[in-house]
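For reference, the structure is listed below as structure tokens.
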Amino acid sequence: MITEHEFQGINYIVSRSISPCRNYSETRQVSSSHCIPLMSIRFLLAGIFLLSAMSKLADINRYSVQAVYEYNILPDSLSLIYGTALPFLEMTCGLGLLLGVFTRLSSLGVALLAGSFLIAKAILLWSGRDILCGCFGPMTATFISVSIYADPLLIIMALAIMRAPGSIRHRFSLAHILSPKWKTRLDWVW
């Protein structure tokens, strides 16, 4: 059993071995070794979703709407709406992560999009259908039986960014344009 005095001593040692990630307004401190991997994940997710959006924006009807129709899961009217909105949602989330603006909201969007992709692919594979996923429009031709393995990883990475402290999420970002008062107010989405 650890006494209160021993616990305070351990807490002091641990707090001295942890350094903040260069954001002194952040109250929660994070090990410096966590900054680089989490920032890399943020930029990786941004790149993936921006690349996916840009490839679909070349011809939305052909590379996004038609891909959603081919899944044959949603009714036609919802397929049209989802297929049309998808590249813009991907671009918004990707830009948010790249610029460090609304990173929690952007990573939530990435997690929800990847979750919808995972569910749709699982439904198709369960029914015995293996079609091209349409993930990157004309850039790749990957079957859903292969691309389904990327979706849980995307969800985990997005949740890691969403849970990261602001000192990591806002590093190399446009977060410096906000005053500390507004950063505190918008912390749940920024």
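The values are calculated or read from the model by the stated rules, or taken from the named source; none is laboratory data. It should be emphasised that the depicted structure is a prediction, and the values quoted were computed from it without experimental measurement. Cβ sites come from the backbone with ideal geometry, for glycine too, and all protein chains shown count toward neighbours.
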| task | Collect the residues in the stretch 129-166 that are among the β-branched types (Val, Ile, Thr), touching a residue at least 40 places away in the same chain (Cβ under 8 Å) and either in contact with a Gly (Cβ under 7 Å, 6 or more places away or on another chain) or not in a loop (DSSP other than H, G, I, E, B) (or both), keeping them in residue-number order. | result | Ile155, Ile161
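Each row is one residue, and each column tells you yes or no for (1) more than 21 Å from Leu51 (Cα to Cα); (2) among the β-branched types (Val, Ile, Thr).
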site: Ile144; (1), (2): no, yes
site: Ser147; (1), (2): no, no
site: Ala150; (1), (2): no, no
site: Leu159; (1), (2): no, no
site: Ala164; (1), (2): yes, no
site: Ile168; (1), (2): yes, yes
site: Ser173; (1), (2): no, no
site: Ser179; (1), (2): yes, no
| remark: Note on the stretch 178-190: residues part of a helix (DSSP H, G or I) and at pLDDT 80 or above are Pro180, Lys181, Trp182, Arg185
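Within the stretch 134-155, take every residue that is within 18 Å of Ser79 (Cβ to Cβ) and out of contact with any Phe, Trp or Tyr (no Cβ under 7 Å at 6 or more places or on another chain) and give me the one that is surrounded by the most Cβ atoms within 10 Å (Cβ to Cβ). Break it down into steps so the answer makes sense when it comes.
Taking the stretch 134-155 and keeping what is within 18 Å of Ser79 (Cβ to Cβ), we get 134-135, 137, 144.
Then drop every residue that is not out of contact with any Phe, Trp or Tyr (no Cβ under 7 Å at 6 or more places or on another chain), which leaves 135, 144.
On the way: Cys135: 21, Ile144: 23.
So, considering only residues that are within 18 Å of Ser79 (Cβ to Cβ) and out of contact with any Phe, Trp or Tyr (no Cβ under 7 Å at 6 or more places or on another chain), the one surrounded by the most Cβ atoms within 10 Å (Cβ to Cβ) is Ile144.
Condition check ((1) within 19 Å of the chain's Cα centre (by Cα); (2) under 30 Å from Ile177 (Cα atoms); (3) of a type in the set (Gly, Ala, Ser)) across all residues:
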residue	(1), (2), (3)
Ser79	no, no, yes
Tyr82	yes, no, no
Arg104	yes, yes, no
Ser116	yes, no, yes
Ser127	no, no, yes
| query | When residues of the stretch 43-72 are filtered for being crowded, with 19+ Cβ neighbours inside 10 Å and of a type in the set (A, V, I, L, M, F, W, C), how many remain? | reply | 8
| note | Given (1) in contact (Cβ under 8 Å) with a residue 12 or more places away in the chain; (2) in a helix (DSSP H, G or I); (3) among the aliphatic types (A, V, I, L, M); (4) under 28 Å from Arg171 (Cβ atoms), Leu125 misses just (4)
| field | Condition met for Ser107 (small (Gly, Ala, Ser), under 18 Å from Leu51 (Cα atoms), part of a helix (DSSP H, G or I) and touching a residue at least 24 places away in the same chain (Cβ under 8 Å)) | value | yes
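Being farther than 29 Å from Leu178 by Cβ, in contact (Cβ under 8 Å) with a residue 24 or more places away in the chain and exposed (fewer than 14 other Cβ atoms within 10 Å of the Cβ) is the requirement here; does Pro75 meet it? Spell out the reasoning first.
Working: farther than 29 Å from Leu178 by Cβ: yes; in contact (Cβ under 8 Å) with a residue 24 or more places away in the chain: no; exposed (fewer than 14 other Cβ atoms within 10 Å of the Cβ): yes.
No.
Can you say whether Leu124 is out of contact with any Gly (no Cβ under 7 Å at 6 or more places or on another chain), at pLDDT 95 or above and at negative phi, as far as the supplied structure shows?
When the stated conditions are applied, Leu124 passes them.
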| note | Ser106 vs (1) touching a helix residue (DSSP H, G or I) at 6+ places or on another chain (Cβ under 7 Å); (2) surrounded by fewer than 19 Cβ atoms within 10 Å (Cβ to Cβ): all pass except (2)
